[in-house]
1. So in segment 71-82, with the set limited to residues that are touching a residue at least 12 places away in the same chain (Cβ under 8 Å) and not in a loop (DSSP other than H, G, I, E, B), which one is nearest to V35 (Cα to Cα)?
2. Would you please list the contacts, defined by Cβ atoms under 7 Å and residues six or more apart or on different chains, that run from a residue in segment 222-240 that is closer than 16 Å to D212 by Cα to a residue that is surrounded by fewer than 20 Cβ atoms within 10 Å (Cβ to Cβ) and of a type in the set (A, V, I, L, M, F, W, C)?
3. Within the group A114, A163, which residue is within 25 Å of Q275 (Cβ to Cβ) and of a type in the set (G, A, S)?
4. Of the residues G137, G97, which single one is more than 27 Å from P218 (Cβ to Cβ), in contact with a Leu (Cβ under 7 Å, 6 or more places away or on another chain) and among the small types (G, A, S)?
5. For I101, are the conditions met, namely being over 25 Å from S6 (Cβ atoms) and at pLDDT 95 or above?
6. For residues in segment 116-127 being closer than 14 Å to S6 by Cα and under 24 Å from the mean Cα position of the chain (by Cα), which is surrounded by the most Cβ atoms within 10 Å (Cβ to Cβ)?
7. Tell me which residues, restricted to segment 113-161, are in contact (Cβ under 8 Å) with a residue 60 or more places away in the chain, over 23 Å from V184 (Cβ atoms) and in a loop (DSSP other than H, G, I, E, B).
8. Out of all the residues in segment 89-99, is one or more of a type in the set (A, V, I, L, M) and touching a helix residue (DSSP H, G or I) at 6+ places or on another chain (Cβ under 9 Å)?
Amino acid sequence: MKPNFSQNIIAIVWDFDKTLIPYYMQKPLFENYQVEESQFWSEVNKLPEFYHQQGIQMSPDTAYLNHILTYVKQERFKGLSNSKLRELGASLDFFPGVEEIFTQLNSMVHDDEAYQKFDIKLEHYIVSTGLTEVIRGSKINSMVKGIWGCEFIEDSGQLDSIAYLIDNTTKTRALFEINKGVNVHPEDISVNQSMEEEHRRVPFHNMVYVADGPSDIPAFSVVRKNQGRGFAVYNKDNLKSFKQAKQLLEDKRVDMFGEADYSSGTITNLWLREQVQSIADKIVADKKSKLREARESVPLHLN
């Protein structure tokens, strides 16, 4: 397949934990099974060094997924399945205005006659080191085009092994899959194949990446290096969170930062709306320019 995308897609790519929700999405899991959250994460943090002493390298993200499986086998998470994770996702609490900003951004594009004349579309994506099934169970699932997260395989009705892993580095792979259109045409396009910029489904300059912390620097870097936009959010109740977001701006990792409040009238809400409008206006201007060039290239009859 030779891609022939019209590049009329705007993509908002969201981190999840502490970006859209104020805590880690595993919180309902611990509450459901009455497991002490701090104890679980303390055990996880010790695992890489434990295995390092055995000559085995383990990433923190793999460690937490394996530890969930250990708890399943020990029956501390007895009967934990993908459907249970999805059920737990329904109890997630979101930052103020999350549903509102999704709806507003969608309406800005879909209800504008000038944008629709050129079939401009807006898509939301989640790229998270958390659990895909928990996100699928949340109230914003129906509003997103796709989710990249960690997934499990089941055996005998409960989680048994890791199927897919996203960490802070492989988030960049997800961005390239969105960029090239792998998620829409997985049978025809590979993330590793060579593809000219003008053939890609969502050019990076049509992309906005929203996240909360230093762990997202690789993703911010990929987006902004390719003329996309980056926005860092912070939790108003956490000074460390504010300092991290502020530092990302000072280090020129992001274009702007603001409170994780997406309600109308907030800086975060206004900035995101302005970016979507700016990208859509640029798409319209480029399309009109190409139409004018095509018209002017048509030979005229001589008198």
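The values are calculated or read from the model by the stated rules, or taken from the named source; none is laboratory data. Note that the structure is a prediction, hence the values are computed from the model and not measured. Heads up, the Cβs are rebuilt from the backbone with ideal geometry, glycines too, and the neighbour counts pull from every protein chain shown.
1. Applying the filter and picking the extreme gives Y71.
2. F231/M256; F231/W271; A232/L249; Y234/F242
3. Of A114, A163, the one residue that is within 25 Å of Q275 (Cβ to Cβ) and of a type in the set (G, A, S) is A114.
4. G137
5. Working: over 25 Å from S6 (Cβ atoms): yes; at pLDDT 95 or above: yes.
Judged against the criteria, I101 is a match.
6. Pass one, segment 116-127, residues closer than 14 Å to S6 by Cα: 116-122.
Restricting the remaining residues to those that are under 24 Å from the mean Cα position of the chain (by Cα) gives 119-122.
Working: D119: 11, I120: 23, K121: 17, L122: 21.
Out of the qualifying residues, it is I120.
7. G157
8. Step one: list which residues in segment 89-99 are of a type in the set (A, V, I, L, M), which gives 90, 92, 98.
Adding the requirement that they be touching a helix residue (DSSP H, G or I) at 6+ places or on another chain (Cβ under 9 Å) leaves 90, 92.
Yes; the residues of segment 89-99 include at least one that is of a type in the set (A, V, I, L, M) and touching a helix residue (DSSP H, G or I) at 6+ places or on another chain (Cβ under 9 Å).
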